[in-house]
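Novice: One structure coming up, written as structure tokens, with questions to follow.
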Amino acid sequence: MTIEDFIIYIRSEKRYSQHTLRAYQTDLMQFQSFLEQYYNQINLALVDEKMIRQWIAGLKQNHLDNSSINRKISTLKGFYNFLLRNGVIEKHPVSLQKALKTKKRIAVFVPQSDMYNMVAEPLINDFNSQVKKIAIELLYQCGLRRSELLGLSIQDIDFAQNQIKVQGKRNKQRLIPFDQSLGKLIRQYLHERMEIQPKGDWLIVNRLGKKASESYLYNLVSETLKEGTTLTKTSPHVLRHTFATHLLNNGASLLAVKELLGHSSLAATQVYTHGTIEELKKIHQQAHPKG
């Protein structure tokens, strides 16, 4: 079993995004290079716990942050789980390795007033502008991951029920509602999109009618966020953070937001409660006699 076997497995069985696949492959190739340099060893099946610890120590010495190291540890755990299940190894070399302590992650989000101004921008009769508008609206109104948006087909849009079928991580499907205004916007976009590519199935395409790439979508969204906000982080994922934070700030339950985001546990959703706490502080200061 090789690294390539593992990548094929998580691509076909786990349905990981191209971004995640590249990250896993990079981590494993870096680990293999480390083994070759320090142990003259390229057979990953012969790795022991001492080698793992030395690799992690080296990453720390190179000032890699703990969250990045934890991701690499997670990659190794996944790879050796794969080898163990396939009978290549008998003992898991990473099972006892604990994740390093990290600072509590704070989700970056667009303030509600800035977001309102962005989505209120009129639709310009230019295909790139239309794709940008649709991407912003879907990411914000539905809380999609970038890979989920790029993976949407036209058939995933149910105009009768005003909902979208989304294929999330680990092949999990979920239904997300949208309002009438977004439905109207999608119909307008599809009219233009079908003139460019009448036979294609992907919802989001570039001006050539081909499925939009991750970089194309990233640049469209980043451009809009830079123009409409003062945020330093301007990735499409910021709009997913914004979706969750605004829902919680306006009274949605944590469990409902978890389901809409497609999270497997509440722990992943709780990172967004910081926004709710900030809103409660404002209310407390304004309304309480001692505020």
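The values are calculated or read from the model by the stated rules, or taken from the named source; none is laboratory data. Computed from a predicted model, the values in this text were never measured in an experiment. Counting neighbours? That spans all protein chains shown, and the Cβs are built from the backbone with ideal geometry, glycine included.
Novice: Considering only the stretch 15-57, state which residues are part of a loop (DSSP other than H, G, I, E, B) and surrounded by 14 or more Cβ atoms within 10 Å (Cβ to Cβ). Walk me through how you get there before you give the answer.
Specialist: Keep residues of the stretch 15-57 that are part of a loop (DSSP other than H, G, I, E, B), which gives 15-17, 40-43, 47-48.
R15, Y16, S17, Q41, V47 - these are the residues of the stretch 15-57 that are part of a loop (DSSP other than H, G, I, E, B) and surrounded by 14 or more Cβ atoms within 10 Å (Cβ to Cβ).
Novice: Considering only residues that are among the hydroxyl-bearing types (S, T, Y) and closer than 18 Å to Q141 by Cα, look in the stretch 248-271 and name the one that is surrounded by the most Cβ atoms within 10 Å (Cβ to Cβ).
Specialist: Only one residue tops the list, namely T269.
Novice: Residue by residue through the stretch 58-89, note down the ones that are farther than 20 Å from I3 by Cβ and not in a helix (DSSP H, G or I).
Specialist: N62, H63, L64, D65
Novice: Continuing with this model, one more query. All but one of (1) modelled with pLDDT under 85; (2) β-branched (V, I, T); (3) part of a loop (DSSP other than H, G, I, E, B) hold for I277; state the number of the condition that does not hold.
Specialist: The number of the failed condition is (3).
Novice: Between R187, R193, which is at negative phi, of a type in the set (K, R) and crowded, with 16+ Cβ neighbours inside 10 Å? It would help to see each step written out before you state the result.
Specialist: Numbers: R187 fails: crowded, with 16+ Cβ neighbours inside 10 Å.
Among R187, R193, only R193 is at negative phi, of a type in the set (K, R) and crowded, with 16+ Cβ neighbours inside 10 Å.
Novice: Considering each residue of the stretch 138-159, count those that are in contact with a Ser or Thr (Cβ under 9 Å, 6 or more places away or on another chain) and of a type in the set (D, E, K, R), and give that number.
Specialist: 3
Yes/no matrix, rows are residues, columns are (1) within 29 Å of L21 (Cβ to Cβ); (2) more than 22 Å from the chain's Cα centre (by Cα); (3) in the same structural domain as E121 (by TED's automatic domain parsing):
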residue: D158; (1), (2), (3): no, yes, yes
residue: I164; (1), (2), (3): yes, no, yes
residue: R170; (1), (2), (3): yes, no, yes
residue: R174; (1), (2), (3): yes, no, yes
residue: P177; (1), (2), (3): no, no, yes
residue: Q180; (1), (2), (3): no, yes, yes
residue: E195; (1), (2), (3): no, yes, yes
residue: W202; (1), (2), (3): yes, no, yes
residue: T234; (1), (2), (3): yes, no, yes
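Novice: Related question: Among all residue pairs at least 6 apart or on different chains, which show Cβ distances below 6 Å where the first residue, located in the stretch 102-127, is in contact (Cβ under 8 Å) with a residue 40 or more places away in the chain and the second is in a loop (DSSP other than H, G, I, E, B)?
Specialist: Close Cβ pairs (under 6 Å, with a partner that is in a loop (DSSP other than H, G, I, E, B)) amount to V108/K233; V110/T229; D114/T229; F127/R207.
Novice: Moving to a separate point now. If R146 passes every condition in (1) farther than 17 Å from A244 by Cβ; (2) among the charged types (D, E, K, R); (3) crowded, with 16+ Cβ neighbours inside 10 Å but one, which one does it miss?
Specialist: (1)
Novice: What pairs come up if the first residue lies in the stretch 179-195 and is under 10 Å from N162 (Cα atoms), the second is charged (D, E, K, R) and buried (at least 16 other Cβ atoms within 10 Å of the Cβ), and their beta carbons are under 7 Å apart, counting only those six or more places apart or on different chains?
Specialist: Taking only residues 6 or more apart or on different chains, the pairs are L182/E137.
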